[in-house]
Amino acid sequence: MCGIVGYAGHHQAAPLLLDGLSKLEYRGYDSAGLCVQGENGFQVAKAKGRLQVLREQVHDGQDLIGTVGIGHTRWATHGAPSDVNSHPQVSDSGRIAVVHNGIIENDAALRADLLAKGVSFHSETDTEAVANLIGWYYEQCGDFVASVRQAVKRIRGSYALGILCEDNPGTIIAVKQDSPLIFGFGKGENFIASDVPAILKYTQTVAYLDDGDMAIFNNEYVTFLNAAGEPVAKQRETITWELAAAERGGYDHFMLKEIYEQPKALRATISPRLMGGRVVLDGLELSKEYLQSLKKIYLVACGSAYYVSVVAKYTIEKACRIPTEAMMASEFRYCDPVVNEHNLVIIISQSGETADTLAALREAKRRGARTLAIVNVVGSAIAKTADDVIYTWAGPEIAVATTKAFTTQLAVVYLLTLAMAEALGTMSQEDYTQVIQGLEKLPEQVESVLCEENVKKIDYVAKRYCDHHDAFYIGRNLDSAICLEGSLKLKEVAYLHSEAYPAGELKHGPISLIEDGTLVVCLATIRELFEKTTSNIKEVKARGADVVCITLEELEGPAEQVADSTIGIPAIHPMLQPTLALIPLQLLAYDVALNRGCDVDKPRNLAKSVTVE
Ligand code: F6R
C-alpha cells in the first residue's frame, strides 16, 4: 500500500526522501511524489509509474532545494494512477500540502461541503479533501495545529498524514488513525515514515504513533499530542534489526531471499519457546479450565494468513478436540458471528496492520471473546489491540508474496496446539514428545528441502509448464490446506490462473475443466491417504493433465508410476508435514514467475500491507 516519508533536518530533503521511498517500494504503488519546502515555498514534483520516473524528473532530488519535505508512494484507491492524483495533494489555497495513507470514507460529503464554500478540487483523490479541509480551516484561523485538529475531527476513515504549511516553514505535522506511522528521532533531524526501512539508515530510535496521536516537529523538537490534544510522552523504541535484513543481500529477489531465510526464521521462532522438552509460550496463560470452557476457537485472518488458519483448524481440532473454525477477516466482521466469552479468537497477521483483520479483532473483542494475535511486526496495531500476542520472529518480510511469515505463523500454530493439547491432556506423551522433536529439527528439514537436487527439479518443472494457462492444486486433509497457499503463490507472482481443491472434491465439478495440458500439482504427503490421492492423479491423467506430484521421499517411487514429475520431501511428524510440503510450492511459483518474465517482488495490483478495506 501507500508509503510515507517525512523529513525535517539539516540535509537536503529531496534525495533523502527519494531514498526513503525506495525502501518502501516493496509495499506496492503506482505513482510517487514529493513536496520540499524551500525559501520560496512549496516545490512539488509528482509522477505516475515507478519511483525512477520521479527520480529522473527531479534529477535525483537536486531540483528541489530545502531541508524539510514529505514524500509518498501511492497505491490508487480514489482515482486512477496519474500525475495529478499522486500525492502530495496541495490545498486550493496553495498553503497546505498533504501525503496520506488510508481511505477517507466521508470524502464525498467533505468535498460537497467544501465545494459549496467555494473551494476548488483538481484531482479525484480523497486526500485532496483532507488538504482542502485543513486549508479551509487554516484560512479561517491562521493556526496550523488548530486547523489540522479541527479537520481531523471531521474526517472519517483511516489515515496516516504528513502535512506541511507554507506559512510554517520547517514544521511538519503527522497524525494517524488506523494506518501505521512511526516517528524517527535523529540528531538535528527528525523523521516520519509508514514503515521502519524508510528511515532505518538514519535512525534506529523510533516511537510508534497510536491512533489519534499527533506529532508536531521540526529538525530539533517534537511535541506529541493525544486524541484529546493533551501532550503525551511517547516511548522511544530501538529497532534491533539492521537495514541489511531488509535488503536483497545478493539474491535476485526478496522472495527468493526470504524463501531461503526460512530455516533461520523458524529457528528464531521455535527455539526460545522450547524448554526442557516442553512448550513455553511467552507467558501466555491457557489453563485447562479455560480451554475446557471454550465452545469454539476461531482463527481469523486474510490471504495467506487465512490459509495458515485453515491448516490450524485441522491441527487444533485433531490435537485438542476443540471445535475450530477458520474465517476470512473480511467476512467475519459482517456475518454476525456467534462469538462471545466462550470463544478464543486467534488473529493471524504478518504486518499487524491489515484493515480487515484489525476490524475483525475489534469486533471479536466487542463481543466479549478473548483474543490472541500471531503477528510479525512488533508494535503494530493488531499486536497492541489483542489481549495476548505471540510474535513470529521472521524478521522484516519485504516481498509482497509472503513466504517466511507464513511458515513462522505455522510454527506458532504448532507451538500453540502443543501447549493447549498438553493443558487439556488430549495428546499422548509419546505423540507430544515426537512433535517437540520434530519441531527441533524442522529448520534443518526445511534446509534439506531447499537442496540443489530439488531446486534443479523445480527449475525443470517450471520451464516445462510455465506456458500453461491453468493450474489445479489438489491434495487431501492438511495437504489440501497447503494447496490453497501454493495456488495463491502461483496466482500472485506468476499471474497464472490457478485453483486449489481438496482432491476428493475434484470429481464433483471442477474435473470438467481438466483437458490436455492442464497443469495439476498434487500434494500427496499423507501416508494413509496416498492411495486415495494417487487415484485422483490417475483420474486427471486420464483426461490429459500434466501432473507434478510432491510426496514423501519414501513414496516417490510409486508416485513416479502415475505422475509426470515428482519431488520428494523428507517425512516428519504428520502435524508438521505441511511446512515441508509448502517449500517446493513456493519455489515453483517463484520459478514459473521468472520464466514468464514477471516482476516477482512487485506483482501487479498487489500491496504488501493492506491497510484499506
Ligand atoms: C500473500 C499475502 C497476502 C497476506 C494478506 C494478509 O502472499 O502476503 O495474502 O497474507 O494480505 O496480510 P497480513 O498477514 O499482513 O495481515
Residue list for region 378-398, filter: of a type outside the set (Ser, Thr, Tyr), assigned to a loop (DSSP other than H, G, I, E, B) and surrounded by 24 or more Cβ atoms within 10 Å (Cβ to Cβ): Ala386, Ala394, Glu397
Listing of helices (runs of 4 or more DSSP H) fully contained in region 258-326 that carry 1 or more residues being among the aromatic types (Phe, Trp, Tyr) and away from the ligand (no atom under 16 Å from the Cβ): 288-293, 303-320
Matching entry among His78, His122, His100 (being under 17 Å from Gly157 (Cβ atoms) and part of a loop (DSSP other than H, G, I, E, B)): His78
Among residues of region 161-181, those that are among the β-branched types (Val, Ile, Thr) and either surrounded by fewer than 23 Cβ atoms within 10 Å (Cβ to Cβ) or in contact (Cβ under 8 Å) with a residue 60 or more places away in the chain (or both), counted: 3
Count of region 546-576 residues which are within 34 Å of the chain's Cα centre (by Cα) and either of a type outside the set (Ser, Thr, Tyr) or surrounded by 24 or more Cβ atoms within 10 Å (Cβ to Cβ) (or both): 18
Subset tally (residues that are within 18 Å of Asp30 (Cβ to Cβ) and assigned to a loop (DSSP other than H, G, I, E, B)) for region 55-75: 1
Which listed residue, of Gly303, Gly250, is under 26 Å from the mean Cα position of the chain (by Cα) and within 24 Å of Thr611 (Cβ to Cβ): Gly303
From the options Arg50, Arg74, residue that is touching a His at 6+ places or on another chain (Cβ under 6 Å) and modelled with pLDDT under 95: Arg74
Hey, Lys491 free of Cβ contacts under 8 Å to residues at least 60 places away in the same chain, within 26 Å of Tyr306 (Cβ to Cβ) and among the basic types (Lys, Arg) or not: yes
Any hit, region 306-320, residues being at positive phi and of a type outside the set (Ser, Thr, Tyr): no
Scan of region 528-546 for residues that are over 15 Å from Pro510 (Cβ atoms), without any contact (Cβ under 8 Å) to a residue 40 or more places away in the chain and of a type outside the set (A, V, I, L, M, F, W, C), ordered by number: Glu528, Glu531, Thr534, Ser535, Lys538, Lys541
Selected residue (criterion: nearest to Asn595 (Cα to Cα)) from residues of region 458-503 that are small (Gly, Ala, Ser) and in contact with a Lys or Arg (Cβ under 6 Å, 6 or more places away or on another chain): Ala494
Matching entry among Glu539, Glu531 (being over 23 Å from Tyr465 (Cα atoms) and either out of contact with any Phe, Trp or Tyr (no Cβ under 9 Å at 6 or more places or on another chain) or at pLDDT 95 or above (or both)): Glu531
The listed residue being closer than 21 Å to Ile103 by Cβ and crowded, with 17+ Cβ neighbours inside 10 Å, out of Ser31, Ser22: Ser31
Hey, Asn477 farther than 18 Å from Ile567 by Cα and polar (S, T, N, Q) or not: yes
Tally of residues being free of Cβ contacts under 8 Å to residues at least 24 places away in the same chain and loosely packed, with under 13 Cβ neighbours inside 10 Å across region 426-462: 7
Failed criterion for Cys549 (all others in (1) in contact with a strand residue (DSSP E or B) (Cβ under 9 Å, 6 or more places away or on another chain); (2) closer than 26 Å to Leu594 by Cβ; (3) touching a residue at least 40 places away in the same chain (Cβ under 8 Å) hold): (3)
Whichever residue in region 343-376 is among the polar types (S, T, N, Q) and either more than 13 Å from Asp388 (Cβ to Cβ) or within 13 Å of the ligand (Cβ to nearest atom) (or both) and, among such residues, is surrounded by the fewest Cβ atoms within 10 Å (Cβ to Cβ): Asn343
Matching residues in region 483-539 - criterion: being hydroxyl-bearing (Ser, Thr, Tyr) and on the phi > 0 side of the Ramachandran plot: Tyr495
Search result, residues across region 335-368 that are assigned to a loop (DSSP other than H, G, I, E, B) and of a type in the set (D, E, K, R): Asp336, Glu341, Glu353, Arg367
Residue check for Val435: in the same structural domain as Ala329 (by TED's automatic domain parsing) and out of contact with any Pro (no Cβ under 9 Å at 6 or more places or on another chain): yes
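The values are calculated or read from the model by the stated rules, or taken from the named source; none is laboratory data. Everything numeric in this text was worked out from a predicted model, so none of it was measured. Cβ atoms come from the backbone with ideal geometry, glycine included; neighbour counts cover every protein chain shown.
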